[in-house]
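Below is one structure, written out as structure tokens, with a few remarks after it.
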């Protein structure tokens, strides 16, 4: 009894000393008023809303809620509201892995085929646990694969076994493991299965034990949508009126972490004070740094690394439909900002950055860039500048066409936009003069267009020039199939370099931009020498369609 008493007394003394020596942080009235304005500006009456919290030096210095959690029963958002924090949950999936690393049950260099022999079972691939955490595995993103199958994640009830089943059918990677970085949700879903096979417990069960140790009683990965507990912040989009959709997916580990703002602020306090008994301080410290042995230091254990206006930043953003979350950590200032929302009309990144500007004040160094050309160039005729321009080798497209003497800009997924000339070589959008387009000639006399706006920084696209002499357009027609996804693609040449494509339920009429190269919506299509079609888009590369 005496030993227990002395340990308890020691803890009391330590707590007293720590409380006395820790700086008490106070927001000024002006700061509170400014943050309140940011909180309420995007939350009209009778709307879903958001929750904002700030932690500094381990203390919660701001915590407020605005809007409704449930419009049907008029439940307001409050400290009990459980938000789906989407990809912000990846830091906790990675934290579970870190606990297993500390226990010696996993190693970052372990080949995932040791635990998941069904992945690329017909060949050896050197994908490590590190690659999954670091998004350097080359494994394709499951949501983009489902999109090719016309599956919409929020309309179909799917589970982690469904993900693993589809990934086990994949025969190719986006790239050789460890050679590139490409964010893929598949990585963190696979980690959940590795954790389950190593521990002998479901990922949900094992991660619940971790959250219990951390004192986060209202946080859990939800693997069964029929049993989600608590006061849920329901997601709402707005298409002239508020629209709610049911949460029916059971996929988790990449996201689907339901948590309260209170629990998330508690986690930030743990990180800032490095006190999380029984979790070791070394483990917490490891989880906040880049991954040992990786040359890609922009992404760590479920965290991104960068700067915000010249200040070091650890952060992550998550979005699952209307449910969005942003976490900004400024480690050198022991300052964290959390923004959670269930409203499709709220932009949590902009909200979080606005709060950061209020808190950091004169410390921040705003990046400046031109919002219009600095000088007027040589006069250009419409005939000089029409055509299709591309950002980089396979980036987005701007197409300029002359319609009865007026210049129009065509972009995928947007309405055609009329442009008005404002000077010799500069045009602007007819209803938004701030959006300006400057046409200049490159060293090879080809045309370059540079776009200016309030943000982002100016960017340039180069007009595509291609030689189709002797090219056989009709040779690339027919029905093609991808056996990994059981998806068909049909190509039909209709003349004048134009093709009709059918992919699932979607139809496209597109122009061949360069020999064997087309852009089909968000997809890039390349005709391979062996008559196969290679389809790519962001997180999925070189999906091979074989002619039937």
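To keep it simple, each residue is scored yes or no on (1) buried (at least 17 other Cβ atoms within 10 Å of the Cβ); (2) in a strand (DSSP E or B).
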residue	(1), (2)
489	yes, yes
499	yes, yes
509	no, yes
524	yes, yes
530	no, no
Scanning for something in contact with a helix residue (DSSP H, G or I) (Cβ under 9 Å, 6 or more places away or on another chain), over 26 Å from residue 330 (Cα atoms) and in a helix (DSSP H, G or I), does the range 206-214 turn up at least one residue? yes
Checked 434, 356 against criteria (modelled with pLDDT of 95 or more, in the same structural domain as residue 322 (by TED's automatic domain parsing) and either surrounded by fewer than 13 Cβ atoms within 10 Å (Cβ to Cβ) or under 21 Å from residue 454 (Cα atoms) (or both)); the one match is 356
Filter the range 418-431 for residues that are in contact (Cβ under 8 Å) with a residue 40 or more places away in the chain and out of contact with any strand residue (DSSP E or B) (no Cβ under 7 Å at 6 or more places or on another chain); the one that is surrounded by the fewest Cβ atoms within 10 Å (Cβ to Cβ) is 424
Within the range 142-158, residues being closer than 15 Å to residue 523 by Cβ and part of a loop (DSSP other than H, G, I, E, B) number 2
Residue set 133, 195; condition surrounded by 18 or more Cβ atoms within 10 Å (Cβ to Cβ) and under 19 Å from the mean Cα position of the chain (by Cα); output residue 133
Quick check on residue 397: is it over 20 Å from residue 434 (Cβ atoms), in contact (Cβ under 8 Å) with a residue 24 or more places away in the chain, in contact with a strand residue (DSSP E or B) (Cβ under 9 Å, 6 or more places away or on another chain) and not assigned by TED's automatic domain parsing to the domain that holds residue 539? yes
Of the residues in the range 452-476 that are touching a strand residue (DSSP E or B) at 6+ places or on another chain (Cβ under 7 Å), part of a loop (DSSP other than H, G, I, E, B) and surrounded by fewer than 15 Cβ atoms within 10 Å (Cβ to Cβ), the one that is modelled with the highest pLDDT is 466
Report task. Evaluate the range 215-223: report whether one residue or more is without any contact (Cβ under 8 Å) to a residue 24 or more places away in the chain and in the same structural domain as residue 284 (by TED's automatic domain parsing). Result -> no
- prompt: Is it true that residue 277 is free of Cβ contacts under 8 Å to residues at least 12 places away in the same chain, surrounded by fewer than 23 Cβ atoms within 10 Å (Cβ to Cβ) and in contact with a helix residue (DSSP H, G or I) (Cβ under 9 Å, 6 or more places away or on another chain)?
  reply: yes
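The values are calculated or read from the model by the stated rules, or taken from the named source; none is laboratory data. In this text, all values refer to a predicted model and were calculated from it rather than measured experimentally. FYI the Cβ positions are ideal-geometry reconstructions off the backbone, even for glycines, and counts take in every protein chain you see.
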